[in-house]
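Enquirer: Pasting a structure here, questions to come.
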Amino acid sequence: MASYDRSIEQVHEAYRRLTHEQLILFLKVRSLPTSGSDSELASRLAQFDIHTYHFPSKDGQSGRETPEEGHDASKPRARVPDLPVEVLAEIMDHVGDWELAKAVGVPTSLPQPIPWTRANACDHAILTGYIPLIRAADPATNRPTKVSAVLAVRFSYVNVLEYLFTYHRSVFLSMYSDDLLPVTASLHGRTAVLSWWKHTRTHHPDVIPMPKPESIADAVDGASRNGQVASLDWWIDSGFPFEYTEAALESASAKNRIAVLDWWKEKSLSPRYRLQLKIGRVMDMASTAGHVEALEWWASSQLEPKYDRQALYHASCHGKVEVLQWWLGSGLQMIFDQEALTGASRHNRPEVLEWWDKSGLPIQYRMCDIEEALEDAIGGGEQAREWWRRKGVDFNANDKEWSKLQYLN
């Protein structure tokens, strides 16, 4: 039974290294429910694999007891075969994570990331998370580089961090200078690493310094950008000053992190926290990225985000017709000028020009501005130029018409 427990822990540890999106992928492959926290998802995968696949123990026997064992040893017992390595390799290639594939020992056709081409033997040992290999690589001589410092945190290798801090302290402090550890852990939602770091700092305050305010802001802003609500929860209850900038909500909006936006609003309304939100240019960021869901969230949030002509300008430049349509039907004031048409022309967006033409909005343009934009257009701007020709614009007009401000429709 002890071997069974070890197997569960090893499999669970492997799944804890995955991101939320990767956990969801593996759950879908196994037709398992995808609701719950990352910890619950990892546990669900581990339990499924332990009860489905064969995990040999040291003596070569099955790593778990079954009801059939001990009753009729002569009767053959059927078991589900291991998932073929080719299938695992295909899944890993689909995930597109070379580090993860190497860490779990699955063959991959993915190219080695450029930072790993400069990695040393100790970096590759840390990739496995296996202490005897790391010890054999001699961190004191082959000092780990930043690539494995980040990886150890990303994969929540608390055992590796503890080993390096205990037996190679100068190496550890060099690896994790400038608050790299808490910032990286926050980006990846590794609250176990954050808790280990805080605990270690509590016992060694003379060795691990207080994080700088700007580092905490980087950690919180980055957690918002990456959708790591668990990291946000950790920081707000950590006892450290809770620092953040406008980038927290701006990047969450740009990435369509609705759960993060909900978290910030909830904490701003909570009597316990009463966070003062730094809203910034959230509508501009969501419009540029084409996230109608985030725009809708802000419009119904009762938080009154500020915006200006940049929202529609950037949506026009980036070809986000669905965003333009959302603004038209939102009931919010639409702020725009002729730069929207100039930007759409410069970025060769005939579909945007068509939308503005059909919108009925009183937008204006100057031929001289459009011609200048088309001359500088991305990819030559032929599609946008052709749209203007079909519109009936004569680029050989006289000087008066050339500089005249006129309505598109």
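Enquirer: Identify, by number, the condition in (1) assigned to a helix (DSSP H, G or I); (2) in contact with a strand residue (DSSP E or B) (Cβ under 7 Å, 6 or more places away or on another chain) that residue 362 doesn't meet.
Expert: (1)
Enquirer: Now for a different question. Surrounded by fewer than 17 Cβ atoms within 10 Å (Cβ to Cβ), hydroxyl-bearing (Ser, Thr, Tyr), over 19 Å from the mean Cα position of the chain (by Cα) and not in a helix (DSSP H, G or I), is that true of residue 195? Give the derivation first.
Expert: Details: surrounded by fewer than 17 Cβ atoms within 10 Å (Cβ to Cβ): yes; hydroxyl-bearing (Ser, Thr, Tyr): yes; over 19 Å from the mean Cα position of the chain (by Cα): yes; not in a helix (DSSP H, G or I): no.
The answer is no for residue 195.
Enquirer: Let me ask something else. With respect to residue 338, determine if the residue is of a type outside the set (A, V, I, L, M, F, W, C) and touching a strand residue (DSSP E or B) at 6+ places or on another chain (Cβ under 6 Å). Steps first, answer last, please.
Expert: Details: of a type outside the set (A, V, I, L, M, F, W, C): yes; touching a strand residue (DSSP E or B) at 6+ places or on another chain (Cβ under 6 Å): yes.
Against the criterion (of a type outside the set (A, V, I, L, M, F, W, C) and touching a strand residue (DSSP E or B) at 6+ places or on another chain (Cβ under 6 Å)), residue 338 qualifies.
Enquirer: From the list 28, 102, 58, exactly one residue is at pLDDT 75 or above, over 30 Å from residue 145 (Cβ atoms) and either not assigned by TED's automatic domain parsing to the domain that holds residue 10 or not small (Gly, Ala, Ser) (or both). Which is it? Outline the logic, then answer.
Expert: Values: 102 fails: over 30 Å from residue 145 (Cβ atoms); 58 fails: at pLDDT 75 or above.
Checking each option against the conditions leaves just 28.
Enquirer: Also, I was wondering about something else. With the structure loaded, tell me whether residue 343 is surrounded by fewer than 19 Cβ atoms within 10 Å (Cβ to Cβ) and under 34 Å from the mean Cα position of the chain (by Cα) or whether it fails that test. Spell out the reasoning first.
Expert: Values: surrounded by fewer than 19 Cβ atoms within 10 Å (Cβ to Cβ): no; under 34 Å from the mean Cα position of the chain (by Cα): yes.
Here the answer is no, as residue 343 does not meet what is asked.
Enquirer: Which one of these does residue 306 not meet: (1) surrounded by fewer than 20 Cβ atoms within 10 Å (Cβ to Cβ); (2) farther than 22 Å from residue 397 by Cβ; (3) at pLDDT 95 or above; (4) not small (Gly, Ala, Ser)?
Expert: With (1) surrounded by fewer than 20 Cβ atoms within 10 Å (Cβ to Cβ); (2) farther than 22 Å from residue 397 by Cβ; (3) at pLDDT 95 or above; (4) not small (Gly, Ala, Ser) applied to residue 306, the lone miss is (3).
Enquirer: Against the condition under 20 Å from residue 42 (Cβ atoms) and either assigned to a loop (DSSP other than H, G, I, E, B) or of a type outside the set (Asp, Glu) (or both), how does residue 125 come out, does it pass?
Expert: Values: under 20 Å from residue 42 (Cβ atoms): no; either assigned to a loop (DSSP other than H, G, I, E, B) or of a type outside the set (Asp, Glu) (or both): yes.
The answer is no for residue 125.
Enquirer: Report yes if some residue within the stretch 202-211 is of a type in the set (D, E, K, R) and in contact (Cβ under 8 Å) with a residue 24 or more places away in the chain; otherwise report no. Reasoning before the result, please.
Expert: The initial filter retains those residues of the stretch 202-211 that are of a type in the set (D, E, K, R), namely 206.
Narrowing the set further to residues that are in contact (Cβ under 8 Å) with a residue 24 or more places away in the chain leaves none.
No - not one qualifying residue is present in the stretch 202-211.
Enquirer: Taking the stretch 351-380 only, how many residues are surrounded by 21 or more Cβ atoms within 10 Å (Cβ to Cβ) and of a type outside the set (A, V, I, L, M, F, W, C)?
Expert: The qualifying residues number 1.
Enquirer: Okay, next question. Please go through the stretch 124-152 and pick out each residue that is surrounded by 23 or more Cβ atoms within 10 Å (Cβ to Cβ) and in contact with a Pro (Cβ under 9 Å, 6 or more places away or on another chain).
Expert: Matches in the stretch 124-152: 125, 126, 134, 152.
Enquirer: In this structure, is residue 202 over 17 Å from residue 37 (Cα atoms), of a type in the set (Val, Ile, Thr), out of contact with any Phe, Trp or Tyr (no Cβ under 9 Å at 6 or more places or on another chain) and surrounded by fewer than 18 Cβ atoms within 10 Å (Cβ to Cβ)?
Expert: Working: over 17 Å from residue 37 (Cα atoms): yes; of a type in the set (Val, Ile, Thr): yes; out of contact with any Phe, Trp or Tyr (no Cβ under 9 Å at 6 or more places or on another chain): yes; surrounded by fewer than 18 Cβ atoms within 10 Å (Cβ to Cβ): yes.
The answer is yes for residue 202.
Enquirer: Of all residues in the stretch 156-178, how many are buried (at least 20 other Cβ atoms within 10 Å of the Cβ) and either under 21 Å from residue 223 (Cβ atoms) or among the basic types (Lys, Arg) (or both)?
Expert: So the answer is 4.
Enquirer: How about the stretch 320-338: which of its residues are more than 14 Å from residue 306 (Cα to Cα) and surrounded by fewer than 19 Cβ atoms within 10 Å (Cβ to Cβ)?
Expert: 321, 322, 325, 328, 329, 330, 331, 337, 338
Enquirer: Within the stretch 144-166, count every residue that is without any contact (Cβ under 8 Å) to a residue 60 or more places away in the chain and within 21 Å of residue 195 (Cβ to Cβ). Spell out how you get there, then give the answer.
Expert: Pass one, the stretch 144-166, residues without any contact (Cβ under 8 Å) to a residue 60 or more places away in the chain: 144-153, 157-166.
Next cut, within 21 Å of residue 195 (Cβ to Cβ) only: 149-153, 157-166.
Residues that pass the stated criteria total 15.
Enquirer: May I ask you to list the residues in the stretch 255-285 that are free of Cβ contacts under 8 Å to residues at least 40 places away in the same chain and of a type in the set (A, V, I, L, M)?
Expert: 258, 259, 260, 269, 275, 277, 279, 282, 283, 285
The values are calculated or read from the model by the stated rules, or taken from the named source; none is laboratory data. Predicted model, so just to flag it, every value in this text is computed and none were measured. Positions of Cβ are generated from backbone atoms using ideal geometry, with glycine treated the same way; all protein chains shown enter the neighbour counts.
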